[in-house]
Every structure is written in C-alpha cells, then in structure tokens.
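Below: the structure, in structure tokens.
The values are calculated or read from the model by the stated rules, or taken from the named source; none is laboratory data. Computed from a predicted structure; not experimentally measured. Cβ sites come from the backbone with ideal geometry, for glycine too, and all protein chains shown count toward neighbours.
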Amino acid sequence: MSEESVKKESQPAKAPERVYGVGHKLIGKDYPTPDLYAKVTGLAKYAEDYHADGMLFCKLLLSPLPHARVKHIDTRAALAMPGVKAILMADELPPPADSLTDNGTVIKANLKSERALTMEPLYQGEPILAVAAVDELTAAEAIEQIRIDFEPLPFVIDPLETLRPGGPNPRLEGNIWVQAPAPSAAPGAPPPNPPPPTIGELKWTKEDFANAKEGQLPMGKVPGEWSYGDLDPGFKNAALVLDETFVTPDTSHQTLETRTAMAYWQNGKVHVFTGTQSTAQTVPAIARWLNIDPSNVVLISEYTGGGFGSKITGGVTLVIPALLSKKVNAPVMMRISREEETFIGRARPSLMGRMKVGFSKEGRVIALDMFVISNNGPYDANGDVPSSGRIVSLLYQCEAMRWRGATILTNTPPRSAQSSPGGMQGIAIMEPIIAKAARKLGLDQVAIRRINCPEGKAPVGPVMKSDGKRPHATSAFLKEALDRGAEQFKWNERVARTPKRSGTKVRGVGVSLSCYVGGSIGFDGLLVITPEGRVRFQSGIGNLGTEAVMDVHRAGAEVLGVPWEKCDITWGDTAKNFPYTCVSGGSQTTHAMTRAAYATAMDAKKKLQEIAAKSLGGKPENYEVANERVFRKGGGAGMTLGQAAAKAIQLGGVYDGHEPSADLNKLTKASMAALAGQGLIAAAKDNYPRDGQTYSYVASFAEVEVDVETGKYYIVDFLAYADVGSVIHPRALGGQVLGRSVLGMGHTLGQKWVYDPHYGAMLSTRFYQNKPPTILDVPVNMQWAALDIPDPETPVGARGVGEPPVGGGCASILNALSDALGDEIFRRAPVNADTILTSLEAGRPMQHPLMAHI
Amino acid sequence: MAVIRDVMPAFELLQPSSIVDAQKLLQQQGRDAWVLAGGMDSFDWLKDRIKKPKVVVDLSGIAELKGIRATSDGIEIGAMTTLTEVVQHPVIKEKFKVLAESAELVASPQIRNQGTLGGNVSQDARCWYYRAGWPCYRADGNICYADTPEGRNREHAILHAERCVAVNPSDTAPALIALDAKFVIRTSKGERVIDAEDYFVGPDIDITSLHVLKPGELLTAIRIPSAWAGAQFYFEKVRDRNVWDFPLLNVASAMVVSNGTIERIRIAVNGAAARPLRLKAVEDAVRGKAANAATGTMAGKLAVEGAVPLQFNAYKIPLMRNLVKRAIGGVEEATWTS
C-alpha cells in the first residue's frame, strides 16, 4: 500500500464540534500561547542553541561491555593532542549528597545509585569519562586515543535468567533492591525517612520454573504483595477463569531533543542550560548532584524538546559539563548524540505479567490474582511494578484482588518513569484478557467494560495501614466517557457490520479503558500586578510541550477578570524568581498548579480589595474586582489595577511582597523577597481540601484492518474520549490526548529493543531499528473529545491528562487485532507481521511470550 | 582503543564536475576513496566512524549523472537522479510504473528527496551487527553474529545464505530486475553495460560487497529498455512501519498477458537474500499458464523451495510465498462499503 493510499483509506467522518468552557472567558478556550511564534519560526532556543564566549565541547566515552570493572585507563595520548583541554573521570564527581525534606528530615543518599560517570559500568553504553576539547571532532579523536583495560564481570539481560537458580547477578551484590523500614520517630519529632535501600539477591527454585507450563510466566517468591477481599470464593463462583501471560516491550523515551547540556560558572554560581520537564524543581536536583547549595544554581530552560518522564528534573549527566567547566574555567557544551541518548536517555521497563482472572457470567471481575516482574536496568527501582497493580485495581474495580510483584535488576540501560509508568503495562496485560472473556461469555466489549469501570469515589489499591480503609479516587466519570465515546465511534454499527473478512483483509474493532494519576496538591503560586496595570505570572513549570507552563495561569487571570492581553508570563530561567512548583511528572501539573494559580489570584483579589478600602474608604468586602479595576460594588469610587499596584508599593508590607505569608515554601519566600517592591505581589499556597486521590480516565476506541497474507495491519480509525475534569485549553488537551495515545500505540505497532543476549549488547540503537511510530502509522483523522465535567475536589475542576491516554492507545489496538484474528495470535507486544503470519500459519501462538528483545 | 560513534570524522572532500574526472579520481585513490551519492547510506557509516575513508568523492556536482533521458530503446536514468524525480517522472509513471511504485516506498519523503537511484541500488546491507561495527564476515572477520544460537535475525536471509545472512535492503532493485534494466558502469577501460541482476552479488561471490563495483569503477546510469513498457506490473513492500522502514520483503513483477495467458514474465524479490533474487524457475513455470490465483499459488510454493529459516525469521517463508502469489495471481481485494 502506498503512503497515499494509506491516507485515503482512513478518512472517517469529521468529529462534531465541541464547545468547551461554557460560562468562562478564558478557561476552556483556545488561545495562541506566548511561546508559539518562537516555536514555529525556529527562534525558540533549546539547550543546544546557547553559546558562550570561549565555549568548549565535550564527548563521552561509553562502556562497550554490559558489566565490567575498569582496570586501567591510559589517557596520555589523548591529553597530548592539540585542542584537548581536560578529561573528567568518576573519581572527580562530588560525593552523592543527602537531601533535606521540607519538614527538615534528612534523606540519606543512596551510594549505589546512578552517577554521571562510573568505573564499574553496569550496562553497555554507560559513560565512563568525558573529554573536553576545542571542538567535538577533537574530543572524539581524543577518545579514540584512550586505552582502557576492562575486567569483564557476569551480566544478565533477561530478568528471568537472573531469577533462575544459580543465574548471574547484574550487580556484584545481587539483583533486587531491599528496603529496610524507617526507624521509629522520636517523641515530638517528625517521622524519620527510611535508610537508603540495599542490594539483595532473589532466586527462584527449579520447581518454580518447572511449575509453569509452556508460555506461562513462572511465579516464584517476590518481595511485593498486597491483597483485599477473598480470592477463593471468587474463583470458585466464577463463570469463567482465565490464566494468561503477557509481556510488554522495553521502549526508549526517544525525545526529539536529547539530554544536551551546557554549563559555566560565574561569581560562584553554576549556570546550566538544559532541557527539563520541570524548571523550579530541577534546581534542587542539580544542587544535589553537584553537592552545592541550591542558591548557587541558575537553570535556563526555556524550551524542552520532549520528556515523557525521562527528564523530570533533567538528566544526571548534566553535571559533566558543569564539572568540566569548573575544571577548565570555560563554558562547556555537551551535545548528546542519538547514539548516546539511546543508552543514557531512559526507557520504560518491560513488564512480564501473569493474571488469573475470575469473571461472573455478566462479565464482572470478581477475583484477580496479578503477578508482575519488571526489567528495571541496574539502578534505582522504578515504580512500574507497584503502580501496575494500583491502576488495574482502580480501572476494573476488581471485587477481590491480590497483587504480587518484583522489580528485577539487569545490565540494560536505566529505566525511568515513561508516560503512565506501570499503568500502561498493567492495562496492556489486563485488557486482552477482558476482551477474551467478553468473547467467551458472549458479551459486548463495551458492555463488559461498563460493568467493571470505576464510578464516583471509586476505591483503589489495598487497605491502608494508616486508617484501615482502601483509598478512593476524587471522582470518575469514565462510564459517561465510554458511553459517549461508543456513540461517537458508532461502536454498535461497527460491531454489527458484516462481513469481517473481505478478500485478504480482516477488520477488527477494539475498545480499552485507561487511566492514570492526575494531580497533586500543596504548591505555591506567585504573581505581580505592576503599576502599568499588567499581571505577571511567575511560572516555575517546565515548558515541555504540554503548554501547562502557560495554561494554568489562565485560571488565575479568569479569577481576576483581566484580559489575557494584559497578562505576561515569566518562565524558563530560575534567576527570574519562581514559586515552589510541582515537578511536571505524573500528570500532576494542570491539577496542582491551577489550584495554586487560583489561590494566588484569590490572594491578589483580597489584597486589591484591602488596598481599595484603605485608599477609598469602606470595607474590603464592599469592593469587587473586574474589568481591570477594583471598585465599589454597585458602582462608585474605584481604582485601576495599575493604581492599586502603585498604592501597594507605597503601603509595602504584605502588599508589595515584603511580608510573605508564613505557610509559603522557602523557595517562594526567596522569590518574593527578590521581587518585593515591584508592584502588588500575591502569593499563596494551595491549601484547598481534597477528598481522595486524583486520577484521569480515557475510553479508547480503534479499528484495524489486517492483511492475512502479509501480516501487515493498518489502524483505520481511532477515538479517545477523556474524563479529565474541566477543560483548560482544548487544543493543548487534544494534543495530549492523541499524542499520548500514539505513544501507547507505539508499544503495539513495533517499538522495542533488540538485544543480543550472548554479548549483552543492544542491536536496535537507531530509529529504523527500534521503530517508534511515525505519523503515517496512525490514522490521519484521529478523534478526541472530553467530557468537561469538573472534578469536585479541586476549585478549578481540572485534572491532569498527559499519562491517562497511553494504556488505551496500546490496548485498544491489541484488542482490535484479537477481534480481527482471534485469541491465538499474540502473547506479547509489539505485534507485527512476523507474529501474525507465523501464528496464522500454525493456528496457534508461535512466539514464546517470555522471549523478548528480538 | 576506545570507540565513539555519531561524530563525523575528518576526510578530504573531492567534488568532480564530470564523469571522466570522477572516474580518474576514483582510479587514483583506489581503496582509500569513498563514493558519495545522496549520502543516505554513507553518512551512517561515516558518522559512526566505522568507515574512515581518507577521501570522499562527492558526485553531486556532476550534471551528466542527473536526469532522465529518452533513448532509442526506452529511457536512461542518471545514477544521481533522486528517487523523488523517479517517482514523479511522467514516462516512468506511464510506462514503467513498477519502478515509480518501488521508489515511492523507499524510506521517507525527505530521504527520497536526497537519496538517488544509483545510491539505492548500491547501498550496503543493514544487518544490525554489521552496521554496528561488529567484526563479522562482511567486515573481513570470521564469524556471522546473526547466525549464532542466540543471534537476532528477524530481518535476515532465508535463501542463498553463505556464512553471512545479511539481506539486500533495496526497494528499487527488484523493480529494475523485473524491467530487465541495464546498469552502465564507467571503468578505466571505458564503459561496461551489465544486466540488472548481474550488478548484485551474494556472499558466495563477494562477502564484503553487495554489488560488483570495484575500486575505480562508477555506476553512471540505469537504462530501461522498452521491452516491458506498459506491461502488467506488480510491486509490494511489506515493512513494520508505514514510512521510513526497510522492507521485510518486497516483490516486483512485469508480465505480458494475452487472452489470460502469461506470455512473458520477469519477477524478483528482495529482502530474502544478500542479493535481489530473480525467480527464473517461477518465470519458467508460469510462462504459458493462466494468469490467475491457481498459477499464483503454484508460483508462490515454488518460489520458497529450498528456503531455510533462521530462529526468528520463519515468517519470511509464508510472506515470500504470498507476495509471489499476489504478484502473479493478483490480490483478492477487499470490497468494504464503509
């Protein structure tokens, strides 16, 4: 099929026009973001676009082996080359720093965590040293002059291999992290933090492996376990019990901007230029990595070319140019190549999952026994394994459930959170089972999801020790999203359509539930009303492509009744004074920072009313704020915002930032002190109550067409219907809902790692080998919509959206494929022509689910 | 010594403006010279510092290597003609559509704008071990890493493997074989013209090159005779992604059918072996037979006789069987109403 014919085939009807933000002026409306022009014209400066006088370049020497000890390094020839200025090695890194929490307790540094350079590489591609030179070519040629002697050490790529009796360990000490509990608190003192985890060894028995049938995940002992309800009666009374193994792929984040960083030192402060998902919160991370005080860190990050969880606070390797810069007293640029990014750029861990699920004859999940292990790479444990259990328990409201899991270390590149960490894998493992159950029980695929999906204050996860109850969600309107989505997608018509096969083509439809966490609380906002009558929002959010850095402040402008044209946003440079801001990870920003923006605007409003009362008489409550003025209710005396700001400067104290509110974070207070006197300064902590944990939800629908003679398939149509609370910025929301759906689809469509297990070497280091999805792999006219029902537990009503669509993007395609081809085709993702053709030929699944990386 | 990738090494860049000069430079530099066409294959090798030629001879300034010309018997396409020009050329679209179709499925629009027809047929193997610089047979070593008990070989050969199991990744090569194209090669002794299928070699002939060019030789043009103009063509490429992907397999055929009977046929597949395979046995078997599904089915089975799968590429056998079947018997198209 040519590219042109792909396009022609996927032209569904245009979506109905939706009007969002009814009753609002700014919330729910599209607008051109202040960074738009720079982005589309190329004026936007990413880390690589910065230059400084006398700037040097550095390149990295990466380990060729998956696990080794560096015995000897000879750098003499490299250092003798003209233009080579310095070499940085692991022993020159500052010792890992402890960190201090906001309540004053110390988190001890984990000395076994990842650092920027190492003398004991734990994966192929781990940086060992860096060379600074006058240009990159010189640095590269110098690296080729360095002689390193390695002592190879045992290594393991596959988590099951290290679990075998006598299997190799990825680290000298073992293959799992062991977390000791926190010591008990002294009377009156805050509870201390647990000590850093240590590395232990986990091996399963021969019997554990022998007990698993062909294609089944063996289930040995694992450190993680929780449960609620009673599984036995559920399985006993079930009309159908399925026991399925499914494996999800390791997938690199593959942000278009690699983790390039430039740094220099000036007056004792380090200035770092890099891409990061979070601006304000990257400062303490850099300070910790460099073991310096956060007040000596300036971060410039105006634009970030994608993160997806791989750059929540930048990347630890940014210390390399910072330390080299100190060493040679010149700015140093470290441009990370695609080859380097493949190794150090983070990835989602593969999950191997086995689920035993009991269904009632109506399709209700009455018992679920879930077992998962992850391929974590060699460093800090990721939360994917526990998170997969929580998300599955919420999304399918299992009546009784046990979750067990282990995070297994291997000699593969370090993982980090990737959009919907654990949620995406849990959904990808569970959804094909739901689809199979519906077929076996003769139920409609939407109907079976409707009776299982969460509603309202739905319970999630296990009983908490603190209060003896299961936690619950703030709200869930997923049933409405499923119903409206099914209607818009014309689900019933598509299901009823015959024939399913015509010529060599078979069509299949799939639906998936999807959800992930969608918000945190307790952060600060900060704004300045200037004597010129403008409102300046100080935004400490990262500009990572979601537009939350701008969007959340629309909620503040709406409260103040200020036209958007009179608003300015300061972002991207921590020297410009930002408030205590959430990290942009876990889809928390829109929720957390609209709350902070709302609180801050309310603080500004209160101060305006007080200033008006002081200036014009009467009580503050006699005044209202609208139309860029504060004036007596019902008409009469008033003043412009500019006049009120001038008055605030005169009044000083709480009005112009000299007296911050006591509950503000110290970072916010420091920023206020720097801005004090510039106008009316408002700052507030989000103290709004919240009953429950915040999640967002998506119902995803897909249709595929498979050619049974070639195994090639196309996604013909796709719709994602989102329950994300109030819509703040429709165009950005649509970009997130569909963009993250595509991220999920990549896991079905072909994204993967290929590893040679004998050598422990990655073979899929280039895009054409690891196959992230392209724009032509998804339907031209994908659709999205949002319910726009406010979440009742947050003043603006908005929840986060980045991650919730991902699982549905992956699983709706898997389900559409099994609808087209049956349940005997695939047992792992991705699913490609090789899997489909060999299984169709044999009439049974031909690929071993547990043999990955091919 | 340590290894670093993704940094272009320094080299001397020579930019001749005529075929004569280019051939002379290549002759002078011998094995030290690297021929640069569109660069889509070369830059990978150079940036990875696996190939470090002293001299790069850039052909982009040679006007006589570019463009599509009518000849007394068909057309001649300069080796430096871009794939996009091939796709869009009215004569190719009208008379030799199989070539336009194959060229349109190469990589991505950006790569087709830069990549050339000569480069596409002369590109190197994409075996992930070989391309990552592993010292395999193809790189003058003494092992094939893909053909080991744990080797990863999903995209490798099912036919004619000989120590090395890499495949030829070109999409246009089988189309040119189906069209009975002639490759024009400039050597120190003058011009040599060879059949398309003779341009390509397997590891039994030369394990370090996919084509016959020797140092000092230059592919200057590809001639397409009019013998197959307007024939019944078929091209299909199966790949994982819908754009920017090499073929898992592709097939190209040209048939002259008269009263439902196959009078003449040429058919080739690529992605199955280290060279694009002209399926002569299939051609002989179907000549004189009805151009229908039954003949296609018979041809498909014949085509994969002797195929030997590796651990992860058994799917290529039914895939090749079905592609050959479709090339001859046609595709049973879907008749969806929605």
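So how many residues does the range B:300-338 have that are polar (S, T, N, Q) and in contact with a Phe, Trp or Tyr (Cβ under 9 Å, 6 or more places away or on another chain)?
So the count comes out to 0.
Have a look at A:V654, A:V625, A:V630 and point out the one that is at pLDDT 95 or above and assigned to a loop (DSSP other than H, G, I, E, B).
A:V654
Where the second residue is in a helix (DSSP H, G or I) and polar (S, T, N, Q) and the first is surrounded by fewer than 24 Cβ atoms within 10 Å (Cβ to Cβ) and lies in the range A:381-398, which pairs have Cβ atoms under 8 Å and are six or more apart or on separate chains?
Pairs that qualify, where the first residue is surrounded by fewer than 24 Cβ atoms within 10 Å (Cβ to Cβ) and the partner is in a helix (DSSP H, G or I) and polar (S, T, N, Q), are A:Q397/A:N452.
Might you check whether a residue that is under 26 Å from A:W226 (Cα atoms), touching a strand residue (DSSP E or B) at 6+ places or on another chain (Cβ under 7 Å), assigned by TED's automatic domain parsing to the domain that holds A:A829 and among the small types (G, A, S) occurs anywhere in the range A:467-479?
Yes, because at least one residue in the range A:467-479 is under 26 Å from A:W226 (Cα atoms), touching a strand residue (DSSP E or B) at 6+ places or on another chain (Cβ under 7 Å), assigned by TED's automatic domain parsing to the domain that holds A:A829 and among the small types (G, A, S).
Among the residues of the range B:134-161, write down those that are more than 17 Å from B:V201 (Cβ to Cβ) and either of a type in the set (F, W, Y) or at the interface with another protein chain (Cβ under 10 Å from one of its Cβ atoms) (or both).
Across the range B:134-161, the qualifying residues are B:W134, B:Y145, B:A146, B:T148, B:P149, B:E150, B:G151, B:R152, B:N153, B:R154, B:E155.
When you look at A:L323, is it assigned to a helix (DSSP H, G or I) and more than 26 Å from the chain's Cα centre (by Cα), yes or no?
Spelling it out, A:L323 is indeed assigned to a helix (DSSP H, G or I) and more than 26 Å from the chain's Cα centre (by Cα).
If I go through the range A:675-693 residue by residue, how many of them are of a type outside the set (A, V, I, L, M) and either closer than 25 Å to A:K490 by Cα or crowded, with 24+ Cβ neighbours inside 10 Å (or both)?
Of the residues in the range A:675-693, 2 are of a type outside the set (A, V, I, L, M) and either closer than 25 Å to A:K490 by Cα or crowded, with 24+ Cβ neighbours inside 10 Å (or both).
So how many residues does the range A:345-370 have that are more than 27 Å from A:D444 (Cα to Cα) and buried (at least 24 other Cβ atoms within 10 Å of the Cβ)?
Looking only at that region, the number is 7.
Confirm whether B:L83 is within 14 Å of another protein chain (Cβ to nearest Cβ) and closer than 20 Å to B:G39 by Cβ.
It is true that B:L83 is within 14 Å of another protein chain (Cβ to nearest Cβ) and closer than 20 Å to B:G39 by Cβ.
Just one of the numbered conditions (1) surrounded by fewer than 21 Cβ atoms within 10 Å (Cβ to Cβ); (2) within 14 Å of chain A (Cβ to nearest Cβ) is not true of B:R69; which one?
That leaves (2) as the condition not met.
Looking only at the range A:197-232, filter to residues that are of a type in the set (K, R) and out of contact with any strand residue (DSSP E or B) (no Cβ under 9 Å at 6 or more places or on another chain); which one of those is modelled with the lowest pLDDT?
Among residues in the range A:197-232 that are of a type in the set (K, R) and out of contact with any strand residue (DSSP E or B) (no Cβ under 9 Å at 6 or more places or on another chain), the one modelled with the lowest pLDDT is A:K213.
Of these, A:L743, A:L738, A:L719, A:L733, which one is over 20 Å from the mean Cα position of the chain (by Cα) and either facing chain B (nearest Cβ under 9 Å) or at pLDDT 95 or above (or both)?
A:L719
Scanning for something surrounded by fewer than 20 Cβ atoms within 10 Å (Cβ to Cβ), closer than 30 Å to B:R152 by Cα and within 14 Å of chain A (Cβ to nearest Cβ), does the range B:271-287 turn up at least one residue?
No - not one qualifying residue is present in the range B:271-287.
Is the range A:620-627 home to any residue that is touching an Asp or Glu at 6+ places or on another chain (Cβ under 9 Å) and in contact (Cβ under 8 Å) with a residue 60 or more places away in the chain?
The answer is no; no qualifying residue exists.
Considering the range A:109-151 alone, what residues qualify as being within 13 Å of chain B (Cβ to nearest Cβ) and among the hydroxyl-bearing types (S, T, Y)?
A:T138
Give me the strands (runs of 3 or more DSSP E) completely within the range A:35-124, filtered to those with at least 2 residues that are surrounded by 15 or more Cβ atoms within 10 Å (Cβ to Cβ) and in contact with an Asp or Glu (Cβ under 9 Å, 6 or more places away or on another chain), ordered by residue number.
A:56-62, A:68-74
Within the range B:27-50, can you find the residues that are modelled with pLDDT of 95 or more and surrounded by fewer than 16 Cβ atoms within 10 Å (Cβ to Cβ)?
The answer is B:Q27, B:Q28, B:F43.
Just name the residue that is farthest from A:S360 (Cα to Cα) out of those in the range A:435-472 that are without any contact (Cβ under 8 Å) to a residue 60 or more places away in the chain and not basic (K, R).
By that ranking, first place goes to A:S466.
Which one of the conditions (1) surrounded by fewer than 23 Cβ atoms within 10 Å (Cβ to Cβ); (2) in a strand (DSSP E or B) does A:F273 fail to meet, given that it meets all the rest?
(1)
Is there a residue being exposed (fewer than 14 other Cβ atoms within 10 Å of the Cβ), out of contact with any Phe, Trp or Tyr (no Cβ under 6 Å at 6 or more places or on another chain), of a type outside the set (F, W, Y) and at pLDDT 95 or above anywhere in the range A:188-196?
The answer is no; no qualifying residue exists.
For B:D48, which of the numbered conditions (1) touching a strand residue (DSSP E or B) at 6+ places or on another chain (Cβ under 9 Å); (2) within 14 Å of chain A (Cβ to nearest Cβ) fails to hold?
Here B:D48 meets the rest and fails (1).
Keeping to the range A:404-437, report how many residues are assigned to a loop (DSSP other than H, G, I, E, B) and within 18 Å of A:M370 (Cβ to Cβ).
3
With respect to A:G104, determine if the residue is more than 29 Å from A:S325 (Cβ to Cβ) and touching a Lys or Arg at 6+ places or on another chain (Cβ under 6 Å).
Answer is no for this residue.
Going by the structure shown, is A:K440 among the charged types (D, E, K, R) and not in a helix (DSSP H, G or I)?
The answer is no for A:K440.
Criterion first (touching a residue at least 40 places away in the same chain (Cβ under 8 Å), under 30 Å from A:G23 (Cα atoms) and not basic (K, R)) does A:P805 satisfy it?
Here the answer is yes, as A:P805 does meet what is asked.
Could you check the range B:247-266 and list, in sequence order, the residues that are buried (at least 24 other Cβ atoms within 10 Å of the Cβ) and either within 27 Å of B:A146 (Cβ to Cβ) or of a type in the set (S, T, N, Q) (or both)?
Listed by number, the residues that qualify are B:P247, B:L248, B:L249, B:N250, B:V251, B:A252, B:S253.
Of all residues in the range A:758-801 being among the basic types (K, R) and facing chain B (nearest Cβ under 9 Å), which is surrounded by the fewest Cβ atoms within 10 Å (Cβ to Cβ)?
That would be A:R766.
Can you name the residue in the range A:746-757 that is within 7 Å of another protein chain (Cβ to nearest Cβ) and in contact (Cβ under 8 Å) with a residue 40 or more places away in the chain and is also surrounded by the fewest Cβ atoms within 10 Å (Cβ to Cβ) among such residues?
In this case the residue turns out to be A:P757.
Report, ordered by the first and then the second residue, all pairs with beta carbons closer than 7 Å, sequence separation of six or more or different chains, a first member in the range A:660-682 that is under 18 Å from A:E610 (Cα atoms), and a second member that is among the aromatic types (F, W, Y) and surrounded by 21 or more Cβ atoms within 10 Å (Cβ to Cβ).
A:L680/A:Y655
How many of the residues making up the range A:130-165 are assigned to a loop (DSSP other than H, G, I, E, B) and over 34 Å from the mean Cα position of the chain (by Cα)?
Total satisfying the criteria: 6.
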